[in-house]
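Down below is the structure, laid out as structure tokens.
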Amino acid sequence: MKHELASKLLRSGDISRRDFAAKTASSLLGVGLLGHSLSSRSFAAFEQSSKLRQAATAKNVIYLYMSGGQTHLDTWDPKPGTETGGPTKAIRTSADGVQLAENLPLTAKQMHHGTIFRSLSSTQGAHEQGNYMMHTSYELRGTIRHPGMGAWLNVFQGGGNSTLPKYVYVGNDSRHPGAGFFPAAQSPLFVNNPESGLKNVKPPSGLTQEKFDARLRLAADLDADFRSTFPHRNVKAYADMYDDAIAMMRSEDLKAFELTEESADLRAAYGRTPFGQGCLLARRLVERGVRFVEVSLGGWDTHNANFVRVPELCETLDRGLATLIDDLHQRGLLEETLVVVATEFGRTPDINQNVGRDHYPKAFSAAMFGGGVRGGHVHGQTDAEGREVVADKVKIQDFNATIAFALGLPLDQVVYSPSKRPFTIADKGQPLTSVFA
């Protein structure tokens, strides 16, 4: 409906294309897409589509974040028989010539659906900074907050279900960047426990719909003077938050959060852990039009007892990830859903005195499944000990640009923050087009 109205306005001549772009940027995004002024040069950049834009290979993203720094040597890039590889063995997968660590036996059976990135490298070796860069492509600064990928997707393309949150985060990591400098409406809905559903989404017992509507009208009347006196984006965002919450309360699709609708066998296959059930919730959400869902699994900061803790963590990851991939595939959703497994950095090849691995941003791994990526593919390589990237190094910005590229987002489109600073989705990152089928 909004697109039809916009089209009619432009065709009617009541509003120029330049004015429409400016008004849209100001009212919907809360940021400037056209620079400091509406010059012909800045407008031309907006008029023309990005040179790096492509037809999207994916409609949705399920982003599985391994918080704490996942060891690459004991998951995606095993080095059996070496001192740095430790006791971890490698196993064959469903993809010819591709091996994974023995800790991921179920995922190994799904490897024909995905690509492993074994050559990531970051400049950030501390958790907060590494987490921030992986989510935003930018270094952490005290003066500005950058948006996560889900917020970028909302701003450029919008959500797929008008009555459900456009962007959902499942986990309890308070360091998530959220909407960054975009309006609060672009922030994810945070779900701490996927098995608990959404709290406070039903009116109190005894409150009729008529009384509820009357209270809403009264609140709107009381707020009217304030909103007209202070027509700022944050005030509008606060009002919009109420509108979105009410729409969600009345949505039939709210049942997406009711995991009890799934069979006991499927829930057990995902794993009865917050992460496993979070993966199941993610599938239910993308089925109903939520386009970006992140699920976190913490605990990967294995400075101590790496070879005890990693198998335990991998059991949780393996069940949730492998079942998610297969479930999406069986439902015909994997082709349009990009499943990403990422972390802030790897762990040291050298095993410390506590039989653990320390922070290692120099070389680590990630993976993508479905969403148009090549199946049974490995991108990049580390040396025999997992210390150095020796082929096809991937910067964090390049990895994130690849996600944006899969979604068909305009990588070179400049957006100006409220402080008038220019930013792009992946900070000049270049998509790894060779990983797409």
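FYI, it's all coordinate maths here, none of it is from the lab. The structure displayed is predicted, hence computed values, not measured ones. Cβ coordinates were reconstructed from backbone atoms using ideal geometry, including for glycine residues, and neighbour counts include every protein chain displayed.
Sorted ascending by nearby beta carbons within 10 Å, beginning with the fewest, Asp392, Asp318 become Asp392, Asp318. For the pair Asn172 and Thr229, a Förster radius of 51 Å applied to the C-beta separation gives a FRET efficiency near 0.85, rounded to the nearest 0.05. Neighbour counts of C-beta atoms inside 10 Å place Ser67, Ser196, Ser365, Ser417 in the sequence Ser196, Ser417, Ser67, Ser365, starting with the fewest. The packing ranking of peptides 82-88, 261-267, 430-436, highest mean first, is 430-436, 82-88, 261-267, where packing means the average number of other beta carbon atoms within 10 angstrom of each residue. Sorting Val414, Val155 from the fewest to the most surrounding beta carbons within 10 angstrom yields Val414, Val155. Ordering Asn400, Thr316, Thr337 by Cα displacement along the dipole of region 313-406 toward the positive end leaves Asn400 in first place; charges were set at the Cβ atoms of Lys, Arg (+1) and Asp, Glu (-1). Taking the Kirkwood radius as Rh and the Cα radius of gyration as Rg, region 60-147 has a ratio of Rg/Rh equal to 1.05.
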